[in-house]
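These notes are about the structure you will find just below.
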Amino acid sequence: MTARVGVVTFPGSLDDRDAMRAVRIAGAEPVPLWHAEADLKGVDAVVLPGGFSYGDYLRCGAIARFAPVMGELVPAARSGALPVLGICNGFQILCESRLLPGALTRNRSLHFVNRPQRLRVESGATAWTARYTPGEEITVVLKSGEGRYTADAATLDALEASGRVVVRYSGGAPNGSDRDIAGVANEHGNVVGLMPHPEHAVEALTGPSEDGLGFFTSVLAHLAGSVPVGAD
């Protein structure tokens, strides 16, 4: 049976169509989910896409965390049952929802960064990175103004010790993220948030590479039961 991956659209979402296209290219059925509906439609996994949910008022993701669709998503994700990928604004929403630790703040340069970005995969032990090898370098797209990941030292140490740093910026973080962190996972490995955009790197014609497709094929392998999930 074809896996069904939901993609949530919030007011201000920009990359929901791109995420659905990536899901389709990976071989799954993309299912559009509307922010105001408290129904995940029985999907097998969920992507929270990039953009400016609710205009990024208050803080990025601060309003989206209260959207009706999050009412079912948060407990299912927290339990480890539902794979969730948050990309850019979706990462911010996951942090605001306390599904992931830390916060995303203004880039250190105070400028919007838009560029192909080299990443180093640190963990293949998540539902979204199982098709990668730790240490592998990939090129995707980074486009954000509030992409600087930050957390207190104890939290950062705990993430490092438990293998929950998923990807780092190769050659240094262009936004000033603590310890060059570009993405992290929860303790179950089913929830992953990252600032760069893998959905913009799923085929050579439209992106800098096809390297981002592995995030979407990884979750399909996880759903099929062919890869384990847990900290390295």
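The values are calculated or read from the model by the stated rules, or taken from the named source; none is laboratory data. Model, not experiment: these values are computed from the prediction. Cβ atoms come from the backbone with ideal geometry, glycine included; neighbour counts cover every protein chain shown. The area values use the complete protein model at the heavy-atom level, side chains included, leaving out ligands, DNA and RNA. Shrake-Rupley method; radii C 1.70, N 1.55, O 1.52, S 1.80 Å.
Among the listed residues Ala158, Ala185, Ala153, identify the single one that is buried (at least 19 other Cβ atoms within 10 Å of the Cβ) and either without any contact (Cβ under 8 Å) to a residue 60 or more places away in the chain or not aromatic (Phe, Trp, Tyr) (or both). Give the derivation first.
Working: Ala158 fails: buried (at least 19 other Cβ atoms within 10 Å of the Cβ); Ala153 fails: buried (at least 19 other Cβ atoms within 10 Å of the Cβ).
On inspection, the qualifying residue turns out to be Ala185.
Quick check: anything in segment 189-202 touching a strand residue (DSSP E or B) at 6+ places or on another chain (Cβ under 8 Å), among the charged types (D, E, K, R) and either surrounded by fewer than 22 Cβ atoms within 10 Å (Cβ to Cβ) or closer than 22 Å to Arg78 by Cβ (or both)? Before the answer, list the steps.
Going residue by residue through segment 189-202, those that are touching a strand residue (DSSP E or B) at 6+ places or on another chain (Cβ under 8 Å) are 190-201.
Checking the rest, the ones that are also among the charged types (D, E, K, R) come to 199.
Okay, now just the ones that are also either surrounded by fewer than 22 Cβ atoms within 10 Å (Cβ to Cβ) or closer than 22 Å to Arg78 by Cβ (or both), so none.
Checked segment 189-202: no residue is touching a strand residue (DSSP E or B) at 6+ places or on another chain (Cβ under 8 Å), among the charged types (D, E, K, R) and either surrounded by fewer than 22 Cβ atoms within 10 Å (Cβ to Cβ) or closer than 22 Å to Arg78 by Cβ (or both).
Residue by residue, here is whether (1) acidic (Asp, Glu); (2) farther than 21 Å from Gly90 by Cα; (3) in contact with a Pro (Cβ under 6 Å, 6 or more places away or on another chain); (4) assigned to a loop (DSSP other than H, G, I, E, B) holds:
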position	(1), (2), (3), (4)
Ala173	no, no, no, yes
Gly176	no, no, no, yes
His188	no, no, no, yes
Val202	no, no, no, yes
Leu205	no, yes, no, yes
Asp211	yes, no, no, yes
Phe216	no, no, no, no
Val219	no, no, yes, no
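Which count do you get for residues in segment 149-163 that are touching a helix residue (DSSP H, G or I) at 6+ places or on another chain (Cβ under 8 Å) and outside any helix (DSSP H, G or I)?
Our first condition is that a residue be touching a helix residue (DSSP H, G or I) at 6+ places or on another chain (Cβ under 8 Å); within segment 149-163, this holds for 149-151, 156, 160.
When the remaining residues are screened for being outside any helix (DSSP H, G or I), the result is 149-151.
The total comes to 3.
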Selection from segment 98-131 of residues that are more than 22 Å from Phe52 (Cβ to Cβ), open to solvent by 20 Å² or more (accessible area, probe 1.4 Å) and either part of a loop (DSSP other than H, G, I, E, B) or in contact with a helix residue (DSSP H, G or I) (Cβ under 7 Å, 6 or more places away or on another chain) (or both): Pro101, Glu122, Ala130, Arg131
Checklist (1) within 27 Å of Ala153 (Cβ to Cβ); (2) modelled with pLDDT under 95 applied to Tyr54, failing item: (1)
Starting from residues that are assigned to a loop (DSSP other than H, G, I, E, B) and of a type in the set (Phe, Trp, Tyr), keep the ones in segment 39-57 and report whichever is most open to solvent (accessible area, probe 1.4 Å). Tyr57
